[in-house]
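**Student:** Okay, handing you the structure first.
The values are calculated or read from the model by the stated rules, or taken from the named source; none is laboratory data. Values in this document were obtained by computation on a predicted structure and should not be read as measured data. Cβ atoms come from the backbone with ideal geometry, glycine included; neighbour counts cover every protein chain shown. The accessibility values were calculated without ligands, DNA or RNA, using every heavy atom of the protein model including side chains. Shrake-Rupley method; radii C 1.70, N 1.55, O 1.52, S 1.80 Å.
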Amino acid sequence: MPLLSALEQLIEALKRLPGVGQKSAQRMAYHLLQHDRGGAGELARALTAASASIGHCERCHTFSEAALCPICADESRDRRLLCVVETPADQAALERTGSYRGYYFVLLGRVSPLDGIGVREVGAAELLQRAADGVEEVILASSFTAEGEATAHVLAEALRARGTAKVTRLARGVPVGSELEYVDLGTIAHALVDRR
């Protein structure tokens with residue numbers, strides 16, 4: 001098998017990004033090389049630095065450059081609340097709302113029996129340990145996909161069996177500012193069931 005040229009290696013590397021196929025990767029590579037060489041260098045330096053310096057918070061598992069992320073290190077947050085999310089991106093989205101002041105536990109995945117990922121692989125034992133440490137409410141904020149629902153169900157059962165904290169789930173519903181005729185039927189059905 002012949003060695004890939006530098007351009008082909010760049011295209012292959014860009015294809016590793018989610019949602020980026022062959023054509024998108026080619027377009028990005030050609031743009032960077034033809035119109036933005038400075039941006040290409042900046043991107044390369046930022047990726048190298050991030051890869052070398054960013055790890056996971058030892059308490060919540062989100063991305064962090066220190067042993068504890070800034071949220072876990074913030075003692076002004078409400079230690080009675082623990083929000084369980086699937087990824088650091090989910091945690092960042094919740095933080096941007098400005099409406100949650102508790103701590104987090106990032107699973108770094110979700111239960112997916114077909115892929116061989118069970119509760120052990122998503123850190124259930126560590127979650128149970130965190131929930132027993134003065135937490136009064138665990139908010140399960142996994143996605144509303146089949147895997148996310150399975151993850152929430154399995155974790156809720158394990159947490160309830162321990163009985164150390166109240167277990168809640170993010171509500172589902174109609175997006176703010178949307179018109180009902182354009183909302184999918186599953187969302188409307190869940191909004192009716194979960195109405196308050």
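**Student:** Taking Leu192 as meeting all but one of (1) of a type in the set (A, V, I, L, M); (2) in contact (Cβ under 8 Å) with a residue 12 or more places away in the chain; (3) open to solvent by 70 Å² or more (accessible area, probe 1.4 Å), write down the number of the exception.
**Tutor:** The failed condition is (2).
**Student:** Has segment 103-111 got any residue that is part of a strand (DSSP E or B), under 19 Å from Leu155 (Cα atoms), small (Gly, Ala, Ser) and modelled with pLDDT under 95?
**Tutor:** no
**Student:** From the list Ala49, Ala40, which one is over 23 Å from Val85 (Cβ atoms), surrounded by 14 or more Cβ atoms within 10 Å (Cβ to Cβ) and among the small types (Gly, Ala, Ser)?
**Tutor:** Ala40
**Student:** Tally time: how many residues in segment 92-102 are over 18 Å from Gly148 (Cβ atoms), assigned to a helix (DSSP H, G or I), free of Cβ contacts under 8 Å to residues at least 24 places away in the same chain and of a type outside the set (Val, Ile, Thr)?
**Tutor:** Total meeting the criteria: 1.
**Student:** In the set Ala73, Ala40, Ala67, which member is without any contact (Cβ under 8 Å) to a residue 60 or more places away in the chain and more than 20 Å from Leu127 (Cα to Cα)?
**Tutor:** Selected residue: Ala40, the only one of Ala73, Ala40, Ala67 that is without any contact (Cβ under 8 Å) to a residue 60 or more places away in the chain and more than 20 Å from Leu127 (Cα to Cα).
**Student:** Got a sec? Which of Glu121, Glu147, Glu179 is modelled with pLDDT under 90, buried (at least 17 other Cβ atoms within 10 Å of the Cβ) and of a type in the set (Asp, Glu)?
**Tutor:** Glu147
**Student:** Within segment 145-152, identify whether any single residue is under 20 Å from Leu94 (Cα atoms), assigned to a loop (DSSP other than H, G, I, E, B) and without any contact (Cβ under 8 Å) to a residue 40 or more places away in the chain, and answer yes or no.
**Tutor:** Among the residues of segment 145-152, at least one is under 20 Å from Leu94 (Cα atoms), assigned to a loop (DSSP other than H, G, I, E, B) and without any contact (Cβ under 8 Å) to a residue 40 or more places away in the chain, which makes the answer yes.
**Student:** For Glu75, indicate whether it is surrounded by 12 or more Cβ atoms within 10 Å (Cβ to Cβ) and out of contact with any Pro (no Cβ under 8 Å at 6 or more places or on another chain).
**Tutor:** Spelling it out, it is not the case that Glu75 is surrounded by 12 or more Cβ atoms within 10 Å (Cβ to Cβ) and out of contact with any Pro (no Cβ under 8 Å at 6 or more places or on another chain).
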